[in-house]
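A quick write-up on the structure given underneath.
The values are calculated or read from the model by the stated rules, or taken from the named source; none is laboratory data. Fair warning: this is a prediction, and the values are worked out from it, not measured in the lab. As a convention, Cβ positions derive from the backbone with ideal geometry for all residues, glycine included, and neighbour counts pool all protein chains shown.
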Amino acid sequence: MTRQETPLINADVLREQIIKNNVRIIDVRRKDDYDQGHIKNSVNLPLANLLADPSPENIIKIAEELGIQDETPVVVYDDTFGALSSRVVWALQYIGHENVKLLDVTFSQWKELGLEVTTEEPEIEPVKHSLNLRPEIMATAEYLEKAKEKKNVVVIDNRERLNFLEQHIPGAINIPYRTLATDGRIIRNKDGMRNLLKNRGISEDAEIITYCGSVGTLSGLAFYALKSLGLPNVKLYVHSFKEWKNLEKPTQKQENASYWDLSAE
């Protein structure tokens with residue numbers, strides 16, 4: 001994904017690329033689900049396989065085993081509202097693979113559109129991929145702790161509203177992951193995303209750091225929702241709130257919160 005392009009690809013465009021056979025498609029569902037049917041030409045990479053060792057060196061190894069070279073166009077999909085695929089797209093982008101996108105529909109939606117599904121697995125030749133880390137898209141706990149005190153930095157918590165109210169990183173704004181989607185698409189259109197940010201008082205020129213519960217899936221979806229607007233400075237706190245608590249960093253509870261108010265509009 002070049003830095004000016006949208007991180008999303010729609011089903012019609014992917015279908016054309018499949019016909020031309022010029023794209024590597026990654027299905028991040030479990031192997032059993034993949035075996036029962038998947039998008040034509042897709043290869044299987046269960047997210048758990050990547051998270052077992054998310055080091056840059058292992059991500060490179062996985063990419064090479066999936067036949068992904070530096071310039072290979074890649075599209076990733078899941079059947080979990082885009083959260084799992086977002087995490088894989090981010091991992092590939094982090095190691096320097098630019099031409100990688102999220103399919104903007106889930107596998108179930110792909111089938112509902114009547115598009116082709118197969119049980120055939122493509123034959124893959126291992127290749128080489130270089131490592132060109134993009135640290136500017138990742139926030140560590142130390143970085144976040146310092147950055148959140150600055151004026152034009154916004155920290156977004158993408159967990160469920162009740163989890164946020166109970167405990168969160170001080171100063172964070174809650175945008176539950178469920179509010180990012182729209183009917184039939186894993187991410188709202190640009191106008192919808194802009195309205196969401198405006199309603200939260202978030203400036204598009206701010207540095208924005210997203211986090212969720214543990215491994216950066218829900219916040220990965222938010223990362224790409226923000227990048228779909230072309231925002232220049234977005235980071236993923238990939239180890240998220242689980243690490244923050246384990247490091248005994250300060251947390252905040254929403255005092256006198258209206259727990260019944262689950263709205264995020």
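With the requirement that a residue be charged (D, E, K, R) and free of Cβ contacts under 8 Å to residues at least 60 places away in the same chain, what does region 161-185 give you?
Here is the first cut: in region 161-185, the residues charged (D, E, K, R) are 161, 166, 178, 183, 185.
If the condition is that a residue be charged (D, E, K, R) and free of Cβ contacts under 8 Å to residues at least 60 places away in the same chain, then ASP183 is the only one that fits.
Can you tell me which condition ALA141 does not meet? The list is (1) among the small types (Gly, Ala, Ser); (2) farther than 16 Å from VAL234 by Cβ; (3) out of contact with any Phe, Trp or Tyr (no Cβ under 9 Å at 6 or more places or on another chain), and all the others hold.
(3)
Keeping to region 184-243, report how many residues are in contact with a strand residue (DSSP E or B) (Cβ under 7 Å, 6 or more places away or on another chain), within 23 Å of THR80 (Cβ to Cβ) and among the polar types (S, T, N, Q).
Result for region 184-243: 5.
Select from region 55-79 the residues that are more than 20 Å from ASN21 (Cα to Cα) and in contact (Cβ under 8 Å) with a residue 60 or more places away in the chain and write down the one among them that is surrounded by the most Cβ atoms within 10 Å (Cβ to Cβ).
ILE60
Just checking, which of VAL89, VAL117 is outside the structural domain of VAL234 (by TED's automatic domain parsing) and exposed (fewer than 15 other Cβ atoms within 10 Å of the Cβ)? Full working, then the answer.
Details: VAL89 fails: exposed (fewer than 15 other Cβ atoms within 10 Å of the Cβ).
The conditions single out VAL117.
If a residue has to be outside any helix (DSSP H, G or I) and free of Cβ contacts under 8 Å to residues at least 40 places away in the same chain to count, how many in region 131-159 make the cut?
Taking region 131-159 first, the residues outside any helix (DSSP H, G or I) are 131-134, 138-140, 148-159.
Add one more test, that the residue is free of Cβ contacts under 8 Å to residues at least 40 places away in the same chain, and what stays is 132, 149, 151.
Total satisfying the criteria: 3.
Being over 20 Å from ASP33 (Cα atoms), in contact with a strand residue (DSSP E or B) (Cβ under 6 Å, 6 or more places away or on another chain) and either of a type in the set (Lys, Arg) or assigned by TED's automatic domain parsing to the domain that holds LEU14 (or both): is that true of VAL127 here?
Working: over 20 Å from ASP33 (Cα atoms): yes; in contact with a strand residue (DSSP E or B) (Cβ under 6 Å, 6 or more places away or on another chain): no; either of a type in the set (Lys, Arg) or assigned by TED's automatic domain parsing to the domain that holds LEU14 (or both): yes.
Judged against the criteria, VAL127 is not a match.
Quickly run through region 42-101 and pick out the residues that are assigned to a helix (DSSP H, G or I) and in contact with a strand residue (DSSP E or B) (Cβ under 7 Å, 6 or more places away or on another chain).
Of the residues in region 42-101, the ones assigned to a helix (DSSP H, G or I) are 47-51, 56-65, 83-94.
Scanning region 42-101 gives SER85, SER86, VAL88, VAL89, TRP90, LEU92, GLN93, TYR94.
From the residues in region 188-209 that are assigned to a helix (DSSP H, G or I) and not hydrophobic (A, V, I, L, M, F, W, C), which one is surrounded by the fewest Cβ atoms within 10 Å (Cβ to Cβ)? Show your work before the answer.
First pass over region 188-209, keeping only residues assigned to a helix (DSSP H, G or I): 190-199.
Adding the requirement that they be not hydrophobic (A, V, I, L, M, F, W, C) leaves 190-192, 194-195, 198-199.
Values: LYS190: 12, ASP191: 9, GLY192: 15, ARG194: 14, ASN195: 12, LYS198: 11, ASN199: 12.
It comes out as ASP191.
Out of the residues in region 172-187 that are at pLDDT 95 or above and part of a loop (DSSP other than H, G, I, E, B), state the one that is surrounded by the fewest Cβ atoms within 10 Å (Cβ to Cβ).
Restricting to residues being at pLDDT 95 or above and part of a loop (DSSP other than H, G, I, E, B), the top hit is PRO176.
Confirm whether ILE9 is among the β-branched types (Val, Ile, Thr) and either touching a strand residue (DSSP E or B) at 6+ places or on another chain (Cβ under 6 Å) or closer than 19 Å to LEU84 by Cα (or both). Spell out the reasoning first.
Details: among the β-branched types (Val, Ile, Thr): yes; either touching a strand residue (DSSP E or B) at 6+ places or on another chain (Cβ under 6 Å) or closer than 19 Å to LEU84 by Cα (or both): yes.
Considered against the rule, which asks whether it is among the β-branched types (Val, Ile, Thr) and either touching a strand residue (DSSP E or B) at 6+ places or on another chain (Cβ under 6 Å) or closer than 19 Å to LEU84 by Cα (or both), ILE9 comes out as yes.
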